[in-house]
Amino acid sequence: MIILIKYIKMKRIFLSLVAIMAFGFANAQEGNFKVGAHVGVPLGDAKDGFSVNLGVDVAYLWKVTDKFSAGATTGYTTFLAKTYRYNDGFTSFELKGDPAGFIPVAGTAQYSLTNDLFVGIDLGYALYVANGNEGGGFLYQPKFGYQNQKIELYAAYKAISNDVTFSSVNLGFNYKF
């Protein structure tokens with residue numbers, strides 16, 4: 001039953017992305033390809049077991065209006081596990097967990113407040129691709145940043161939510177082609 005529910009969620013996300021892409025192809029000729037990276041500090045459920053969030057991002061956005069763009073995004077994001085050192089007076093040892101890696105499959109939208117400032121959001125599903133059977137979860141990532149013709153610098157809150165929420169506050173950089 002759980003597998004069926006996850007399949008239905010993935011199907012909805014996939015169809016939503018296809019609809020966004022079809023809308024973009026039908027209504028906009030001008031697009032923007034972006035490649036970037038992000039680094040962040042884990043929060044909430046993730047802060048006790050993970051030390052940092054690192055990742056790479058790829059997105060394509062179609063210009064819908066002069067100030068609004070929409071498209072699709074993917075990439076890879078990982079939460080690196082903390083190392084704990086124990087010493088009880090007789091023995092000492094280190095314990096380190098496994099990193100948690102995700103591949104996001106999401107729709108993305110961006111609105112330019114001015115020529116230099118923007119707000120945006122990524123919504124979709126993040127597939128869990130590390131050890132274990134987490135399965136992934138709903139992804140949401142609001143952003144605020146600075147942009148020019150070739151680069152973007154942004155701050156974001158990212159959350160991947162299922163039974164446990166992997167969340168972080170991130171700083172990111174994108175290069176636009």
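The values are calculated or read from the model by the stated rules, or taken from the named source; none is laboratory data. Model, not experiment: these values are computed from the prediction. In case anyone asks, the SASA skips ligands and DNA or RNA and just uses the protein heavy atoms, side chains included. Shrake-Rupley method; radii C 1.70, N 1.55, O 1.52, S 1.80 Å.
For the reader, a short list of remarks on this structure follows.
- Available extension along the chain between TYR111 and LYS96 is 1.3 nm, counting 0.36 nm per residue and deducting the alpha carbon span.
- Over the stretch 96-177, accessible surface divided per residue gives 49 Å², non-protein components excluded, 1.4 Å probe.
- For SER161, the solvent-accessible surface with a 1.4 Å probe is about 40 Å², rounded to the nearest 10.
- Sulfur and carbon atoms: percent of accessible area, the stretch 105-177 [1.4 Å]: 61 percent
- Going by accessible surface with a 1.4 Å probe and the largest first, ASP66, ASP48 read ASP66, ASP48.
- Nearest-10 value in Å² for the accessible area of LYS150, using the 1.4 Å probe: 100 Å²
- Ranked order, PHE177, PHE93, PHE50, PHE33 - accessible area, probe 1.4 Å, largest first: PHE177, PHE93, PHE33, PHE50
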